[in-house]
Structures are given as structure tokens and as C-alpha cells.
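Worksheet for the structure shown next.
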Amino acid sequence: FLPITRQSIENAATEGVTLVMGLDSLGIVGQEAMYNLRYTSFSPMEILKIFTYNGAMALGLESEIGSIEEGKNADIAVLNSNPISEITNIEDVYMVVKDGEPMKVEDINLKLDFESKDYNSMIPQLFI
């Protein structure tokens, strides 16, 4: 982050702006944004909230998604290492639970082809 960018983000949060980062970009863009937030005053827990609950709240979907609670929809990444101790541990994925089905990392293609019809079908059609 440039110092002015970091300071602007921190000032916005201090003034009560809810920070949101959508993961619709997936891949390296979201990963770099998450990692860059390490250089702010935000804790790893606050960074995870920016990428999960805050996005759901901004879309008005916090009663359905964005956190792990009974009755909510969630695909869950089970990690080998704690992202609260180091945010880069989000890469240390043991398995994923998608639609209630456990999937080993070896069985998942984590690299998406952004031109494929499958990728486009994962983007929510909220405004149609």
C-alpha cells in the first residue's frame, strides 16, 4: 500500500465507514488486497470481517451469509493454520465444505478460468 492509501483506509474506518472487499474478483486481486491490509492497523480478525460479514451486510444479506451461524448458508474453508495469528494462513487449506459436502483440496481446482461459463455462473445475479 502507498502510505496515503493506508492512511485513507484507516481514516475511513475511524470515521465509521464500513469497509468491504468483495471476493467476486477472486484469485490474486483479492489475495493481494487481503495481504495489503496487514500493513494497516487492522487486526487479522478485522481483515477477515472486511472480506466476509461486511460484504454480506453491504448487500443486505447478513441474515443469510457472511458468518457461520445456524440457519445461514456457508461454504467453509477448513484451514491447517490459524489466520488470526497470521493472515497469510488463509492459504493453508486442509479442505472445503461446499453445499454441505466435504471436499479435499486435491479434488478442487482452485485456479479458475475467468473466461469459462462455470466462472460466470458463480457470480451472483443480484441486479437482474
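Given 0.36 nm per residue, what is the gain on full extension from Ser8 to Ser67 after removing their alpha carbon distance, in nm?
18.6 nm
Provide the per-residue ³J(HN,Hα) series for segment 78-89, in order, calculated from phi with Karplus coefficients 6.51, -1.76, 1.60 and θ = phi - 60°, each as a whole number of Hz, with x at glycine and proline positions.
So the J values, rounded to whole Hz, are 8, 9, 7, 10, 7, x, 6, 7, 7, 4, 5, 5.
Compute the length gained on full extension between Lys98 and Asn80: take 0.36 nm times their separation in residues and subtract their Cα-Cα distance, giving the result in nm to one decimal. Kindly include the intermediate steps, with their values, before the conclusion.
Values: separation 18, 0.36 × 18 = 6.48 nm, distance 1.74 nm.
Contour length minus the Cα-Cα distance gives 4.7 nm.
Solvent-accessible area of Glu62, probe 1.4 Å, all protein chains present, reported in Å² to the nearest ten, please.
60
Using only alpha carbon pairs under 8 Å that are at least six residues apart, calculate the relative contact order of segment 53-114 and give it in whole percent. Intermediate values should be presented prior to the final figure.
Details: 70 pairs, mean separation 12.6, N = 62.
Across segment 53-114, relative contact order equals 20 percent.
Count the net charge of all other residues whose Cβ sits under 13 Å from the Cβ of Val93, scoring Lys and Arg as +1 and Asp and Glu as -1. Mind showing how you got there, number by number?
Values: positive: Lys98, Lys104; negative: Asp75, Glu91, Asp92, Glu106, Asp107.
Surrounding charge for Val93 is -3.
Apply the Karplus parameterisation 6.51 cos²θ - 1.76 cosθ + 1.60, with θ equal to phi minus 60°, to every residue of segment 97-104 and state each ³J(HN,Hα) to the nearest whole Hz, in sequence, with x for glycine and proline.
Going residue by residue, I get 10, 10, 6, x, 9, x, 9, 5 Hz, with x marking Gly and Pro.
Pulled fully out, how much extra length does the chain show between Val17 and Glu46, if you take 0.36 nm times their separation in residues and subtract their Cα-Cα distance?
On the way: separation 29, 0.36 × 29 = 10.44 nm, distance 1.34 nm.
Gain on stretching Val17 to Glu46: 9.1 nm.
The values are calculated or read from the model by the stated rules, or taken from the named source; none is laboratory data. As the structure is a prediction and not an experimental result, all values here were calculated from the model. Neighbour counts run over all protein chains shown; Cβ positions are idealised from the backbone, glycine included. Ligands, DNA and RNA are excluded from the accessible area calculation, which covers all protein heavy atoms including side chains. Shrake-Rupley method; radii C 1.70, N 1.55, O 1.52, S 1.80 Å.
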